[in-house]
Amino acid sequence: MINDYNMLSGLQKVAILFSVIGESLAMSLVKGLSKTEIRKIRSTIREMGEISFSVKKRVMEEFYFGFLSEQFQSDKEDGPIQPFNFLNELTDEQLVALLDKEDAPVVAMMLAQLSPEKKMLVLDKVDAKEKGRILIELGSLGTIPLEGVVEVAKRLQEKSAFLPRTVDFSRGGGKDIAEIIGGMSSSDEEKYLQAIANEDPDLMKEVKRFHLTFDDILEKFPDNIMRDLMNTVDLTDVALAMKGVDQEKVDSIIGNLPQKKQAMFEPLEGAVAKREVDGARKKIVAIARTMEKEGAFSMEDFAEGGSDMVE
């Protein structure tokens, strides 16, 4: 282990800087390096082995004081600078694109400037191993020289100027799939949902956040929403939709209606064409979707992993 700071060469100090804060950030501080010099630094990092914390600290302190420029000092007199203000003008997609292929220290530095919601947005886009490195770096940003923070912010701002502008268009996904499948016949709807579940379970979870079936209504809607829904449906359609439904469930739904509607309800006797039953159920689902758009409930409340309902 290297314990003696005074025995370090200039190359070794630079190599320690690179190993502590990452190559991308270090190159923002040590400018003008040739490809040959960068290769020497990388080789030195591999050769040095383990380095004591006290030596790393001395190296960081030396670079910190060396990199505080006169320009930064003069800016300081006018009040605190805000080098990451440009992030507020970026969309979610642009934030993710901006950090693509950046080292963990740079990502961590930018995450520290974002709201908790934006932090999670970015972290959700990286794999578990990289996420762990970023979180570790978030806990040690205090070791990065202040001038280094300013330099990284400047570089990212320049990079952001070349990001594509956002365009208002549909990207497909679960919501669009749910809308398409919702307009199919019941048999096709069931067939395609099963195909999606078999091929891509994660996509199926996303579809279920937006997709609603008659069975979902029977299984998941609480009494108050069920009452409001069925109270707006023509009783003939209610009777058709209830064909084949467990009698106990039918009694529960009808018993939840206003007394006048209960008295008017007449169950259908005998066999009924499946297309008529499916048609009535589609009408009820369509009314439920309209209720959702009007804010009566949220589909995510009933999706797997969604919000819990409180009676």
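Here are some notes:
- Assigned charges on the beta-carbon of Lys, Arg, Asp, Glu; the stretch 85-160 dipole about Cα centre (debye): 140
- Of Lys220/Lys249; Lys13/Lys56; Lys260/Lys283; Lys129/Lys159; Lys175/Lys282, those spanning more than 20 Å from alpha-carbon to alpha-carbon: Lys260/Lys283; Lys129/Lys159
- Among 19-27, 111-119, sorting by the average number of other beta carbon atoms lying within 10 angstrom of each residue, highest first, gives 19-27, 111-119.
- Normalised by 2.2 N^0.38 Å, where N is the number of residues, the C-alpha radius of gyration of the stretch 227-285 stands at 1.04.
- Each residue, Glu248 and Ala112, gets one label point 7 Å from its Cα in the Cβ direction; the gap between the two is 5.9 nm.
- Placing a pseudo-label 7 Å from each Cα along the Cα-to-Cβ vector at Lys40 and Met1 gives an inter-label distance of 2.9 nm.
- Here the average projected area of the convex hull drawn through the C-alpha atoms of the stretch 200-240 stands at 3.7 nm².
- Extension gain, Asn224 back to Met264 (0.36 nm per residue minus Cα-Cα distance, nm): 12.4 nm
- Across q = 0.17, 0.20, 0.21 Å⁻¹, the stretch 145-280 modelled as identical point scatterers on its alpha-carbon atoms has Debye log10 I(q)/I(0) values of -1.02, -1.19, -1.23, in the order of the q list.
- Paired Rg and Dmax values of the stretch 85-160, which use every Cα atom, in angstrom: 11.6, 30
- Residue-span extension gain [Ser298 to Lys119] - 0.36 nm each, minus C-alpha spacing: 61.9 nm
No lab work stands behind these numbers, since they all come straight from the coordinates. Quick caveat: nothing in here was measured; it's all calculated off a predicted structure. All Cβ positions, even for glycine, are placed from backbone atoms using ideal geometry, and neighbour counts span all protein chains on display.
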